[in-house]
Amino acid sequence: MRIRAILCYLCIATLAGGLAFAATPGQIRVEVNLVNLFVTVRDKHKAIVTGLTKDDFQVYEDGQPQEITNFSAESDLPITLGMLIDTSGSEYYMLSAEKDAASRFLGRVLRKGDLAMVMSFDTDVDLLADFTDDRGVLNRAINRAQINVPVGGIIVQGPLPTSGTGGTNFYDAVYLAAHDKLSDEAGRKAIIVLTDAEDTGSKLRLIDAVETAQRTDTVVHILLVAQDGGDQDVAHRLTDETGGRMIIVRSERNLEQAFDQISEELRNQYTIGYTPSNKKRDGSYRKIRVELKNKEYSALTRKGYYSPNN
């Protein structure tokens, strides 16, 4: 685990509490019994709501009310971002605008202590830039994204090879970003995908991408860039289950507005922590529901988590 991840982990632990330490010969183990939620609140007009307190929220796990033990309205916790760009043929007409908007977005949203990486996917998944806070490196990586349509069935494998069967490996890309890159990061983690959400080549399934994002506490936001509307069912499933948003993009103007919405949400989140009343460590999936006393407000957060299995 990189140094920044350790420091960020300790930052979250200090904010949240609830650590238990157990040492074995040659090993230090840290167990966290706290469930952390990053929550965005909007009113009935879809405007971001700030200034709320712990008493404005109620958290339920599998239908049972939970005691909120830690709460913060701070929006300055470090964030680790994965920018995933669909470079299949369906994005040909919008890719240039996508790259420009993505570069501007990272320039606006990244602050000191934040990291980002860039990946592209089509018939393969390529890591264009590993985690860094260097805007120049990130911009150059985004600019290297290019449409890749295989000719004559010849597919060149990238740094993160997938099935090599052709098509658009959307599910594989999300899985690799969450499992291989974000799993060792701590704190707030998010993947932003520019795609039509139409997968035609992944070896893995949608459920694999969803579950991996959930297990790594990664929020997935999808900017659905498609002339024909794309696969909205897939996009909704992936974002709803992880606490992210799906925004339909039909023009360059919509693209800028969509990035502005995601940026606003990333910088205006509440941190809620609770110790589950269900103490079983059985690896089961636990459903989470967050409600607000003001029924005109709605909360956006992940739908659940997997309990430890030991």
Task: Cα gyration tensor shape for the stretch 162-296, rounded if a/c is under 1.5, else prolate or oblate - done: oblate
Open item on the list: Per residue of the stretch 182-197, what does 6.51 cos²θ - 1.76 cosθ + 1.60 with θ = phi - 60° give for ³J(HN,Hα)? Whole Hz please, x for Gly and Pro, Karplus curve as stated.
Closed with: 8, 4, 8, 8, 10, x, 6, 9, 8, 10, 10, 10, 9, 6, 8, 6
Task: Under 17 Å from the Cα of Lys279 - lysines, other chains or at least 8 residues apart - done: Lys287
Open item on the list: How large is log10 of I(q)/I(0) for the stretch 29-118 at q = 0.15, 0.16 Å⁻¹ when the intensity is taken from the Debye formula with one equal scatterer per alpha-carbon?
Closed with: -0.91, -0.96
Open item on the list: Starting from 0.36 nm per residue, how many nanometres of slack lie between Lys46 and Asp133 once their C-alpha separation is accounted for?
Closed with: 28.2 nm
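Pairs Lys112/Lys189; Lys189/Lys303; Lys181/Lys203; Lys46/Lys189; Lys280/Lys303; Lys99/Lys303: which are spaced more than 26 Å apart, C-alpha to C-alpha?
Pairs exceeding 26 Å: Lys99/Lys303.
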Task: For peptides 232-239, 38-45, 85-92, sequence by mean Cβ density within 10 Å, most packed first - done: 85-92, 232-239, 38-45
Open item on the list: Need one word for the stretch 247-310: rounded, prolate or oblate. Basis is the Cα gyration tensor (sqrt eigenvalues a ≥ b ≥ c); a/c below 1.5 gives rounded, then a/b vs b/c decides.
Closed with: prolate
Open item on the list: Please compute the modelled spin-label separation between Ile248 and Asp180, points set 7 Å along Cα→Cβ, answer in nm with one decimal.
Closed with: 3.4
TODO: Taking 7 Å along the Cα-to-C-beta vector as the label spot, tell me the Gln232-Asp76 distance in nanometres, rounded to one decimal.
DONE: 4.0
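Only the coordinates and a few stated rules stand behind these numbers; no lab work does. These numbers come from a predicted model, not from an experiment. Positions of Cβ are generated from backbone atoms using ideal geometry, with glycine treated the same way; all protein chains shown enter the neighbour counts.
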